[in-house]
Amino acid sequence: MNKKVIIWNTGIDDLVSGKGTVGGLTVQLYFWAKTFVSKGWSVFSFSNNKTCCIEGIHLLCLKKYRYVDVVYNFFFSLYVLLCIRPEIVVFRGADRSLFWVALLAKIVQAKCILFGASDVNFVPGKDILVGNKINTMLYRHSLSFVSHVIVQNENQKRTLLANYNKGSLIIPNIWPNTPAVSDANIKYDVLWVANMRRLKRPEWFISLAKEMPNFKFAMVGGVTFGDRDYFLQVRQKAKSIDNLSFLGSMPFEEVNNLFGKVKVLVCTSEYEGFPNTFLQAWSNGIPVVSTVDPNHLLSSSFLGYFVKNQNELHSRVELLLEDQSRYKTLSKNIKEYFERSHSATIAFEHLMSYIE
(Lines give C-alpha, C1' and ligand atoms only; values in the text may rest on other atoms or scores of the structure.)
Protein backbone atom coordinates (compact mmCIF):
# COMPACT_ATOMS: atom_id res chain seq x y z
CA MET A 1 0.00 0.00 0.00
CA ASN A 2 1.28 3.47 -0.91
CA LYS A 3 2.25 5.89 1.80
CA LYS A 4 -0.14 8.83 2.15
CA VAL A 5 0.42 12.56 2.52
CA ILE A 6 -2.06 15.41 2.93
CA ILE A 7 -1.02 18.77 1.48
CA TRP A 8 -3.11 21.14 3.65
CA ASN A 9 -4.13 23.76 1.11
CA THR A 10 -7.24 24.69 -0.88
CA GLY A 11 -5.84 26.41 -3.95
CA ILE A 12 -4.20 23.82 -6.19
CA ASP A 13 -7.17 23.48 -8.55
CA ASP A 14 -7.47 27.27 -8.86
CA LEU A 15 -3.75 27.47 -9.60
CA VAL A 16 -3.87 24.83 -12.35
CA SER A 17 -7.05 26.23 -13.93
CA GLY A 18 -5.95 29.86 -13.69
CA LYS A 19 -9.07 30.84 -11.75
CA GLY A 20 -9.03 32.81 -8.52
CA THR A 21 -6.08 34.49 -6.80
CA VAL A 22 -3.36 32.26 -5.38
CA GLY A 23 0.01 33.19 -3.95
CA GLY A 24 3.47 31.70 -3.83
CA LEU A 25 2.50 29.52 -0.89
CA THR A 26 0.11 27.50 -3.05
CA VAL A 27 2.60 27.31 -5.91
CA GLN A 28 5.19 25.63 -3.70
CA LEU A 29 2.66 23.21 -2.21
CA TYR A 30 1.58 22.29 -5.74
CA PHE A 31 5.17 21.44 -6.68
CA TRP A 32 5.61 19.43 -3.48
CA ALA A 33 2.36 17.57 -4.18
CA LYS A 34 3.61 16.67 -7.68
CA THR A 35 6.94 15.55 -6.21
CA PHE A 36 5.21 13.21 -3.73
CA VAL A 37 3.09 11.82 -6.59
CA SER A 38 6.24 11.16 -8.64
CA LYS A 39 7.70 9.21 -5.70
CA GLY A 40 4.68 6.88 -5.57
CA TRP A 41 2.82 8.45 -2.65
CA SER A 42 -0.95 8.82 -2.48
CA VAL A 43 -1.42 12.58 -2.31
CA PHE A 44 -4.47 14.40 -0.94
CA SER A 45 -5.30 18.09 -0.75
CA PHE A 46 -8.42 20.28 -0.72
CA SER A 47 -10.61 22.39 -2.98
CA ASN A 48 -13.23 25.01 -2.19
CA ASN A 49 -15.01 24.00 -5.41
CA LYS A 50 -15.45 20.23 -5.74
CA THR A 51 -13.96 16.81 -5.06
CA CYS A 52 -11.76 15.80 -8.00
CA CYS A 53 -8.36 14.48 -9.05
CA ILE A 54 -5.80 16.74 -10.78
CA GLU A 55 -2.43 15.42 -11.97
CA GLY A 56 -2.61 12.54 -9.51
CA ILE A 57 -3.53 14.80 -6.58
CA HIS A 58 -6.82 13.83 -4.90
CA LEU A 59 -8.70 17.00 -3.94
CA LEU A 60 -11.39 16.81 -1.26
CA CYS A 61 -14.10 19.47 -1.22
CA LEU A 62 -13.77 21.77 1.80
CA LYS A 63 -16.77 24.09 2.04
CA LYS A 64 -16.79 27.48 3.73
CA TYR A 65 -19.50 28.19 6.29
CA ARG A 66 -19.78 31.69 7.66
CA TYR A 67 -20.02 32.03 11.46
CA VAL A 68 -19.33 28.31 12.10
CA ASP A 69 -16.20 28.09 9.96
CA VAL A 70 -13.84 27.24 12.85
CA VAL A 71 -16.07 24.52 14.27
CA TYR A 72 -16.70 22.99 10.85
CA ASN A 73 -13.00 23.04 9.93
CA PHE A 74 -12.03 21.36 13.19
CA PHE A 75 -14.41 18.43 12.75
CA PHE A 76 -13.77 18.19 9.02
CA SER A 77 -10.03 18.01 9.74
CA LEU A 78 -10.61 15.27 12.31
CA TYR A 79 -12.78 13.32 9.87
CA VAL A 80 -10.21 13.57 7.05
CA LEU A 81 -7.29 12.54 9.24
CA LEU A 82 -9.18 9.56 10.67
CA CYS A 83 -10.31 8.39 7.22
CA ILE A 84 -7.01 8.83 5.37
CA ARG A 85 -4.58 8.07 8.20
CA PRO A 86 -1.64 9.79 6.48
CA GLU A 87 1.98 9.30 7.37
CA ILE A 88 2.64 12.99 6.74
CA VAL A 89 0.68 16.25 6.81
CA VAL A 90 2.31 19.20 5.04
CA PHE A 91 1.30 22.72 6.07
CA ARG A 92 2.80 26.00 4.85
CA GLY A 93 2.72 29.48 6.35
CA ALA A 94 1.07 31.11 9.36
CA ASP A 95 -2.62 30.32 9.84
CA ARG A 96 -4.90 29.62 12.80
CA SER A 97 -5.95 26.27 11.33
CA LEU A 98 -2.44 24.94 11.91
CA PHE A 99 -3.39 24.69 15.59
CA TRP A 100 -6.01 21.99 15.16
CA VAL A 101 -4.33 20.37 12.15
CA ALA A 102 -1.06 19.87 14.05
CA LEU A 103 -2.86 18.79 17.23
CA LEU A 104 -5.08 16.27 15.43
CA ALA A 105 -2.16 14.98 13.36
CA LYS A 106 -0.34 14.26 16.59
CA ILE A 107 -3.35 12.34 17.91
CA VAL A 108 -3.52 10.11 14.80
CA GLN A 109 0.29 9.72 14.88
CA ALA A 110 0.96 11.55 11.62
CA LYS A 111 4.00 13.78 11.23
CA CYS A 112 2.95 17.40 10.76
CA ILE A 113 5.57 19.33 8.79
CA LEU A 114 5.37 23.11 8.72
CA PHE A 115 7.04 24.93 5.84
CA GLY A 116 7.86 28.54 6.70
CA ALA A 117 6.53 30.96 4.09
CA SER A 118 7.69 34.41 5.21
CA ASP A 119 10.51 35.85 7.29
CA VAL A 120 7.96 37.20 9.80
CA ASN A 121 6.31 33.81 10.45
CA PHE A 122 8.42 33.20 13.56
CA VAL A 123 8.73 36.78 14.85
CA PRO A 124 6.13 37.58 17.54
CA GLY A 125 4.70 41.02 16.89
CA LYS A 126 5.22 40.79 13.15
CA ASP A 127 3.29 37.55 12.64
CA ILE A 128 -0.13 39.18 13.18
CA LEU A 129 -2.85 37.31 11.28
CA VAL A 130 -5.95 38.81 9.69
CA GLY A 131 -8.90 38.83 12.08
CA ASN A 132 -8.89 38.94 15.86
CA LYS A 133 -6.03 38.28 18.29
CA ILE A 134 -7.20 34.70 18.82
CA ASN A 135 -6.09 33.76 15.29
CA THR A 136 -2.52 34.84 16.02
CA MET A 137 -2.56 33.16 19.44
CA LEU A 138 -3.73 29.86 17.94
CA TYR A 139 -0.99 29.96 15.33
CA ARG A 140 1.74 30.64 17.88
CA HIS A 141 0.60 27.81 20.13
CA SER A 142 0.40 25.45 17.15
CA LEU A 143 4.19 25.51 16.79
CA SER A 144 4.51 23.32 19.88
CA PHE A 145 2.46 20.57 18.17
CA VAL A 146 4.33 20.61 14.86
CA SER A 147 6.72 17.67 14.57
CA HIS A 148 9.15 19.21 12.05
CA VAL A 149 9.75 22.64 10.54
CA ILE A 150 11.25 23.41 7.14
CA VAL A 151 12.51 26.96 6.66
CA GLN A 152 13.63 28.82 3.56
CA ASN A 153 16.63 30.70 4.89
CA GLU A 154 18.98 31.35 7.81
CA ASN A 155 16.87 34.23 9.11
CA GLN A 156 13.80 32.00 9.55
CA LYS A 157 15.94 29.30 11.15
CA ARG A 158 17.41 31.80 13.61
CA THR A 159 14.11 33.46 14.62
CA LEU A 160 12.34 30.11 15.07
CA LEU A 161 15.07 28.91 17.41
CA ALA A 162 15.31 32.20 19.31
CA ASN A 163 11.57 32.78 19.77
CA TYR A 164 10.20 29.24 20.00
CA ASN A 165 13.26 27.14 20.89
CA LYS A 166 12.54 24.89 17.91
CA GLY A 167 15.04 23.49 15.44
CA SER A 168 14.52 23.34 11.70
CA LEU A 169 16.02 22.35 8.36
CA ILE A 170 16.68 24.75 5.49
CA ILE A 171 15.30 23.52 2.17
CA PRO A 172 15.16 26.14 -0.60
CA ASN A 173 11.98 26.36 -2.65
CA ILE A 174 11.76 23.91 -5.53
CA TRP A 175 11.05 24.66 -9.19
CA PRO A 176 11.06 22.75 -12.49
CA ASN A 177 13.83 23.64 -14.92
CA THR A 178 13.05 25.59 -18.10
CA PRO A 179 14.92 26.46 -21.31
CA ALA A 180 17.17 29.51 -21.30
CA VAL A 181 15.73 32.81 -22.54
CA SER A 182 16.37 33.60 -26.20
CA ASP A 183 16.87 37.23 -27.27
CA ALA A 184 14.38 36.62 -30.08
CA ASN A 185 11.63 36.00 -27.52
CA ILE A 186 12.18 39.17 -25.47
CA LYS A 187 9.00 41.25 -25.11
CA TYR A 188 9.81 43.33 -22.03
CA ASP A 189 13.07 44.50 -20.51
CA VAL A 190 12.00 44.57 -16.86
CA LEU A 191 9.28 42.62 -15.03
CA TRP A 192 7.59 42.99 -11.63
CA VAL A 193 5.31 40.21 -10.30
CA ALA A 194 3.43 40.26 -6.97
CA ASN A 195 -0.01 40.57 -5.45
CA MET A 196 -0.89 44.25 -5.02
CA ARG A 197 -0.12 44.80 -1.35
CA ARG A 198 1.47 47.84 0.23
CA LEU A 199 4.42 45.86 1.58
CA LYS A 200 5.31 44.93 -2.03
CA ARG A 201 5.88 48.66 -2.81
CA PRO A 202 4.75 48.65 -6.46
CA GLU A 203 5.19 52.45 -6.52
CA TRP A 204 8.96 51.89 -6.60
CA PHE A 205 8.62 49.96 -9.84
CA ILE A 206 6.31 52.56 -11.37
CA SER A 207 8.86 55.27 -10.55
CA LEU A 208 11.63 53.14 -12.06
CA ALA A 209 9.72 52.77 -15.32
CA LYS A 210 9.10 56.51 -15.45
CA GLU A 211 12.83 57.18 -14.95
CA MET A 212 13.84 54.79 -17.78
CA PRO A 213 11.58 55.68 -20.75
CA ASN A 214 13.80 53.90 -23.31
CA PHE A 215 13.06 50.45 -21.84
CA LYS A 216 9.87 48.38 -21.70
CA PHE A 217 8.44 47.48 -18.30
CA ALA A 218 5.62 45.12 -17.27
CA MET A 219 3.69 44.64 -14.02
CA VAL A 220 1.74 41.52 -13.08
CA GLY A 221 -0.45 41.30 -10.00
CA GLY A 222 -4.04 41.04 -8.86
CA VAL A 223 -6.14 42.51 -6.11
CA THR A 224 -5.86 40.99 -2.64
CA PHE A 225 -8.62 40.68 -0.06
CA GLY A 226 -9.39 44.05 1.53
CA ASP A 227 -7.05 46.01 -0.74
CA ARG A 228 -9.14 46.72 -3.84
CA ASP A 229 -8.85 50.50 -3.50
CA TYR A 230 -5.08 50.23 -3.33
CA PHE A 231 -5.04 47.97 -6.40
CA LEU A 232 -7.06 50.54 -8.36
CA GLN A 233 -4.69 53.34 -7.31
CA VAL A 234 -1.65 51.36 -8.45
CA ARG A 235 -3.30 50.44 -11.74
CA GLN A 236 -4.19 54.07 -12.46
CA LYS A 237 -0.62 55.23 -11.77
CA ALA A 238 0.89 52.43 -13.87
CA LYS A 239 -1.34 53.11 -16.87
CA SER A 240 -0.18 56.72 -16.95
CA ILE A 241 3.37 55.56 -17.86
CA ASP A 242 3.79 55.01 -21.62
CA ASN A 243 6.55 52.37 -21.39
CA LEU A 244 4.85 50.39 -18.61
CA SER A 245 2.34 47.62 -19.38
CA PHE A 246 0.01 46.86 -16.49
CA LEU A 247 -1.04 43.24 -17.09
CA GLY A 248 -3.04 42.72 -13.90
CA SER A 249 -3.85 39.24 -12.66
CA MET A 250 -2.77 36.36 -14.91
CA PRO A 251 -3.05 32.54 -14.71
CA PHE A 252 0.03 30.82 -13.30
CA GLU A 253 1.10 29.21 -16.58
CA GLU A 254 0.85 32.52 -18.45
CA VAL A 255 3.00 34.24 -15.84
CA ASN A 256 5.50 31.39 -16.00
CA ASN A 257 5.70 31.75 -19.79
CA LEU A 258 6.16 35.51 -19.43
CA PHE A 259 9.46 34.93 -17.64
CA GLY A 260 10.80 33.56 -20.92
CA LYS A 261 10.18 36.94 -22.55
CA VAL A 262 11.96 39.36 -20.18
CA LYS A 263 15.53 40.32 -19.29
CA VAL A 264 15.40 41.37 -15.63
CA LEU A 265 13.10 40.72 -12.65
CA VAL A 266 12.66 43.44 -10.04
CA CYS A 267 11.41 42.84 -6.48
CA THR A 268 10.57 45.88 -4.33
CA SER A 269 9.12 44.16 -1.23
CA GLU A 270 9.77 45.28 2.33
CA TYR A 271 10.27 41.62 3.30
CA GLU A 272 9.79 38.14 1.86
CA GLY A 273 10.57 34.52 2.62
CA PHE A 274 12.02 33.05 -0.55
CA PRO A 275 9.98 34.47 -3.44
CA ASN A 276 8.85 31.98 -6.08
CA THR A 277 9.37 34.74 -8.62
CA PHE A 278 13.12 34.47 -8.01
CA LEU A 279 12.96 30.82 -9.02
CA GLN A 280 10.86 31.61 -12.06
CA ALA A 281 13.50 34.11 -13.11
CA TRP A 282 16.53 31.95 -12.31
CA SER A 283 15.09 28.90 -14.06
CA ASN A 284 15.22 31.06 -17.20
CA GLY A 285 18.68 32.45 -16.47
CA ILE A 286 17.26 35.88 -15.62
CA PRO A 287 19.01 38.05 -12.99
CA VAL A 288 17.07 39.59 -10.11
CA VAL A 289 17.41 43.10 -8.69
CA SER A 290 15.76 43.09 -5.29
CA THR A 291 15.25 44.89 -1.99
CA VAL A 292 15.31 41.52 -0.19
CA ASP A 293 18.18 39.03 -0.30
CA PRO A 294 17.16 35.56 0.98
CA ASN A 295 20.15 33.61 2.29
CA HIS A 296 22.35 36.44 0.92
CA LEU A 297 22.22 34.73 -2.46
CA LEU A 298 22.12 37.90 -4.51
CA SER A 299 25.11 39.45 -2.77
CA SER A 300 27.22 36.30 -2.45
CA SER A 301 26.35 34.03 -5.39
CA PHE A 302 26.23 36.49 -8.30
CA LEU A 303 22.56 35.86 -9.14
CA GLY A 304 21.60 39.51 -9.41
CA TYR A 305 21.83 42.54 -7.14
CA PHE A 306 20.59 43.39 -3.66
CA VAL A 307 19.63 47.07 -3.36
CA LYS A 308 18.65 49.21 -0.38
CA ASN A 309 16.99 52.20 -2.00
CA GLN A 310 15.45 53.48 -5.22
CA ASN A 311 18.67 55.05 -6.48
CA GLU A 312 20.50 51.73 -6.21
CA LEU A 313 17.55 50.00 -7.86
CA HIS A 314 17.78 52.31 -10.85
CA SER A 315 21.56 52.02 -11.25
CA ARG A 316 21.63 48.21 -11.02
CA VAL A 317 18.78 47.67 -13.46
CA GLU A 318 20.40 50.12 -15.88
CA LEU A 319 23.74 48.32 -15.54
CA LEU A 320 22.23 44.95 -16.43
CA LEU A 321 20.35 46.30 -19.42
CA GLU A 322 23.30 48.19 -20.89
CA ASP A 323 26.26 45.88 -20.14
CA GLN A 324 25.65 42.77 -22.28
CA SER A 325 28.90 41.06 -21.27
CA ARG A 326 28.04 41.35 -17.58
CA TYR A 327 24.50 40.15 -18.28
CA LYS A 328 25.66 37.01 -20.12
CA THR A 329 28.14 36.11 -17.38
CA LEU A 330 25.46 36.56 -14.74
CA SER A 331 22.92 34.50 -16.70
CA LYS A 332 25.36 31.59 -17.13
CA ASN A 333 26.12 31.59 -13.41
CA ILE A 334 22.41 31.67 -12.57
CA LYS A 335 21.64 28.57 -14.65
CA GLU A 336 24.48 26.62 -13.01
CA TYR A 337 23.31 27.65 -9.53
CA PHE A 338 19.69 26.80 -10.24
CA GLU A 339 20.41 23.29 -11.52
CA ARG A 340 22.36 22.33 -8.40
CA SER A 341 20.22 24.09 -5.76
CA HIS A 342 16.49 23.81 -6.50
CA SER A 343 16.00 20.22 -7.64
CA ALA A 344 12.73 18.72 -6.37
CA THR A 345 14.32 15.26 -6.17
CA ILE A 346 17.19 16.44 -3.97
CA ALA A 347 14.81 18.46 -1.77
CA PHE A 348 12.56 15.41 -1.32
CA GLU A 349 15.53 13.27 -0.27
CA HIS A 350 16.61 15.88 2.28
CA LEU A 351 13.07 16.08 3.67
CA MET A 352 12.75 12.31 4.07
CA SER A 353 16.15 12.06 5.78
CA TYR A 354 15.19 14.84 8.18
CA ILE A 355 11.86 13.43 9.34
CA GLU A 356 12.77 9.74 9.54
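The values are calculated or read from the model by the stated rules, or taken from the named source; none is laboratory data. Everything quoted here is computed from the prediction, not taken from an experiment. All Cβ positions, even for glycine, are placed from backbone atoms using ideal geometry, and neighbour counts span all protein chains on display.
Do you know which residues across the stretch 107-135 are out of contact with any Ser or Thr (no Cβ under 6 Å at 6 or more places or on another chain) and either more than 17 Å from ARG92 (Cβ to Cβ) or among the aromatic types (Phe, Trp, Tyr) (or both)?
ILE107, VAL108, GLN109, PHE115, PRO124, GLY125, LYS126, GLY131, ASN132, LYS133, ILE134
Restricting the search to the stretch 140-159, which residues are under 19 Å from the mean Cα position of the chain (by Cα) and under 30 Å from ARG85 (Cβ atoms)?
Of everything in the stretch 140-159, those that are under 19 Å from the mean Cα position of the chain (by Cα) and under 30 Å from ARG85 (Cβ atoms) turn out to be VAL149, ILE150, VAL151, GLN152.
Can you tell me how many residues within the stretch 60-79 are more than 10 Å from VAL108 (Cβ to Cβ) and modelled with pLDDT of 85 or more?
Counting residues in the stretch 60-79 that are more than 10 Å from VAL108 (Cβ to Cβ) and modelled with pLDDT of 85 or more gives 12.
Mind counting the residues in the stretch 237-266 that are at pLDDT 95 or above, acidic (Asp, Glu) and within 21 Å of the chain's Cα centre (by Cα)?
0
Kindly provide the set of residues from the stretch 197-208 that are buried (at least 24 other Cβ atoms within 10 Å of the Cβ) and aliphatic (A, V, I, L, M), ordered by number.
Residues satisfying the conditions do not exist here.
So, in the stretch 185-213, exactly how many residues are basic (Lys, Arg) and modelled with pLDDT under 95?
Adding up the residues that qualify gives 3.
With (1) surrounded by fewer than 23 Cβ atoms within 10 Å (Cβ to Cβ); (2) part of a strand (DSSP E or B); (3) aliphatic (A, V, I, L, M) as the list, and LEU321 as the residue in question, which single condition is left unmet?
Every listed condition holds for LEU321 apart from (2).
I'm told TYR271 meets every condition in (1) hydroxyl-bearing (Ser, Thr, Tyr); (2) farther than 20 Å from GLY23 by Cα; (3) surrounded by fewer than 19 Cβ atoms within 10 Å (Cβ to Cβ) except one. Can you identify the failing condition by its number?
The single condition TYR271 does not satisfy is (2).
Restricting to the stretch 298-315, and then to whatever is surrounded by 22 or more Cβ atoms within 10 Å (Cβ to Cβ) and assigned to a loop (DSSP other than H, G, I, E, B), can you tell me which residue is nearest to the chain's Cα centre (by Cα)?
Once the filter is applied, the top-ranked residue is LEU303.
Is it fair to say LEU160 is hydrophobic (A, V, I, L, M, F, W, C) and without any contact (Cβ under 8 Å) to a residue 40 or more places away in the chain?
When the stated conditions are applied, LEU160 does not pass them.
Specify which of the listed residues (VAL223, VAL151) is in the same structural domain as PHE115 (by TED's automatic domain parsing) and farther than 30 Å from SER325 by Cβ.
Every option except VAL151 fails the conditions.
Out of all the residues in the stretch 107-134, which are of a type outside the set (A, V, I, L, M, F, W, C) and touching a strand residue (DSSP E or B) at 6+ places or on another chain (Cβ under 7 Å)?
Residues satisfying the conditions are LYS111, GLY116.
Please indicate, with yes or no, whether at least one residue in the stretch 264-280 is of a type in the set (Gly, Ala, Ser) and either in contact with an Asp or Glu (Cβ under 8 Å, 6 or more places away or on another chain) or within 28 Å of GLU339 (Cα to Cα) (or both).
The answer is yes, given that some residue of the stretch 264-280 is of a type in the set (Gly, Ala, Ser) and either in contact with an Asp or Glu (Cβ under 8 Å, 6 or more places away or on another chain) or within 28 Å of GLU339 (Cα to Cα) (or both).
Of everything in the stretch 222-244, what is of a type outside the set (D, E, K, R) and closer than 12 Å to ILE206 by Cβ? Give them in sequence order.
Result: GLN233, VAL234, GLN236, ALA238, SER240, ILE241, ASN243, LEU244.
Are any residues in the stretch 1-45 among the polar types (S, T, N, Q) and crowded, with 22+ Cβ neighbours inside 10 Å, and if so, which ones?
Hits for the stretch 1-45 are ASN9, THR26, GLN28, SER45.
Starting from residues that are of a type in the set (Gly, Ala, Ser) and touching a strand residue (DSSP E or B) at 6+ places or on another chain (Cβ under 9 Å), keep the ones in the stretch 267-290 and report whichever is modelled with the lowest pLDDT.
Per the criteria, the residue is GLY273.
Can you tell me which residue within the stretch 22-46, out of those that are farther than 13 Å from THR345 by Cβ, modelled with pLDDT of 95 or more and of a type in the set (S, T, N, Q), is nearest to the chain's Cα centre (by Cα)?
Among those residues, the one meeting the criterion is SER45.
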